[in-house]
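Here is the structure we will look at.
The values are calculated or read from the model by the stated rules, or taken from the named source; none is laboratory data. Note that the structure is a prediction, hence the values are computed from the model and not measured. Neighbour counts run over all protein chains shown; Cβ positions are idealised from the backbone, glycine included.
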Amino acid sequence: MREKIGFIAVGQAGGNIGKLLKDKNFDVVFINSSIGDLGTLGVNDELKYHITNGLGCAKDRDSAKQVAKEDFKNINKFIDDKLGNKELYYIIFSSGGGTGSGISPALARILTKVFNKNIGLITILPSDKDTLQAKINSYECTKEITEIEELCGIFFLDNKTRNDIEHINKRFVNLFDKIFDYKKYETIKGNIDEAEILKLLQTKGMISLSSCEKGENTEKLIKNIEDGVFAPFENDRIIKYLGLSRGIKFEDEIFKEKIGKYLDKFENINQEYTLAILSGLSFPLKRINDIKEEVTNEKETIITLNTEKEIKLEDLDFIKPKKEKKQEVKDETEVTVEDLINELF
Ligand SMILES: Nc1nc2c(ncn2[C@@H]2O[C@H](COP(=O)(O)OP(=O)(O)OP(=O)(O)O)[C@@H](O)[C@H]2O)c(=O)[nH]1
Ligand SMILES: [Mg+2]
């Protein structure tokens, strides 16, 4: 089933995670505005695309959007040529940088809206130690993500959870890879099939993955969920679907009490470990609002440091109505790729 999923890694962090997925035999392409960043990846040249005229974007989302806008048709053709038709694509990027953060939300929107592709996201939230610019970028980027209606599931990796970003990358990729072990554990007692995996991954909302060892228990699984590498859950305690490859005695009541209720559960019996896939979780608004607050607390500093364009604090509000765009978007049915390129980049 892994061949039905394609990964589009944008920017440095996207590339680092993409490389680990590539090493696990997933189909991954790598896009960057910086030749230097692409050079560090150690992957075959034919899987890399350097955005024409890109010189790296130094955390400037607008400049990333500009180069991507001018080169969008080639970027799109590259993705199409290399990945072809997949059931599901993931765009991987950090929300705090320039290139990945600037380009990915617009790319996701165009691929869903114009090309009818199923797009999920793997994005990274900044750590406390990250710069103000990274936090501002992250807020702007996540705001754009909330405006994409047709998205599949989103993995929010959170750099606040660990100091070691390589550990976060590896932990995520190891968990993600385990999802596709499901065929090994087909028994008459329980089965997870491809359609169910796709449902878990394609359901809109945040997704979280967690595991525990054989011989451990529900409490340990819950502890690992809470101590994971993903953004913290909202307090609504709602999970749409629970996928459970179960190597422990699963205690439903404890899970419902501590983590939340689910609409449906897809389960098999796993002889080696337990993997839990929680999908359809709410968007991590509290965590994102905390990032906003950190930025807002530094408002004076930002104003002093930036007399010019770059930092647009007045834009940092989800609730505010969207700014009027110069170019009006036409009726749903008439929207073309050119319209969207002009609107989004
Ligand atoms: N988890 C994780 N975070 C990373 C990794 N690399 C960078 N980051 C974080 O991502 C942010 C910077 O994003 P990058 O991916 O380097 O930026 P970019 O997309 O290449 O954009 P430019 O600014 O144009 O270089 C910072 O908050 C880093 O801490 C990584 O491999 N894993
Ligand atoms: Mg970079």
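Taking the options 40, 52, name whichever one is surrounded by fewer than 19 Cβ atoms within 10 Å (Cβ to Cβ), over 18 Å from the mean Cα position of the chain (by Cα), in the same structural domain as residue 137 (by TED's automatic domain parsing) and within 11 Å of ligand 1 (Cβ to nearest atom).
Within the list 40, 52, the selection yields 40.
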Original post:
Scanning for something basic (Lys, Arg) and under 18 Å from residue 169 (Cα atoms), does region 57-70 turn up at least one residue?
Top reply: no
**OP:** Working only within region 152-173, note down all residues that are within 10 Å of ligand 1 (Cβ to nearest atom), outside any helix (DSSP H, G or I) and crowded, with 16+ Cβ neighbours inside 10 Å.
**Re:** 157, 158, 159, 161, 162
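Say we look at region 77-98 and pick out the residues that are aliphatic (A, V, I, L, M) and away from ligand 1 (no atom under 16 Å from the Cβ); which of these is farthest from residue 29 (Cα to Cα)?
Checking each candidate, the answer is 88.
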Original post:
Would you pick out the residues in region 13-37 that are surrounded by fewer than 14 Cβ atoms within 10 Å (Cβ to Cβ) and hydrophobic (A, V, I, L, M, F, W, C)?
Top reply: 35
Original post:
Counting just the residues of region 103-124 that are farther than 27 Å from residue 177 by Cβ and assigned to a helix (DSSP H, G or I), which one comes out nearest to ligand 2 (Cβ to nearest atom)?
Top reply: 106
Subject >> Test for residue 127: is it polar (S, T, N, Q), outside any strand (DSSP E or B) and buried (at least 24 other Cβ atoms within 10 Å of the Cβ) >> reply: no
Original post:
Which members of region 179-220 meet the condition of being over 27 Å from residue 154 (Cβ atoms) and modelled with pLDDT of 90 or more?
Top reply: 213, 216, 217, 219
**OP:** Select from region 192-227 the residues that are farther than 28 Å from residue 117 by Cβ and part of a loop (DSSP other than H, G, I, E, B) and list them in ascending order.
**Re:** 214, 215, 216, 217, 227
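For region 127-142, state whether one or more residues are on the phi < 0 side of the Ramachandran plot, among the small types (Gly, Ala, Ser) and within 16 Å of ligand 2 (Cβ to nearest atom).
Checked against the condition, which is being on the phi < 0 side of the Ramachandran plot, among the small types (Gly, Ala, Ser) and within 16 Å of ligand 2 (Cβ to nearest atom), region 127-142 yields at least one hit.
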Original post:
Somewhere in region 289-298, is a residue part of a helix (DSSP H, G or I), charged (D, E, K, R) and in contact with a Pro (Cβ under 6 Å, 6 or more places away or on another chain)?
Top reply: no
Original post:
Of the residues 147, 186, which single one is out of contact with any helix residue (DSSP H, G or I) (no Cβ under 7 Å at 6 or more places or on another chain), closer than 30 Å to residue 114 by Cα and of a type in the set (Asp, Glu)?
Top reply: 147
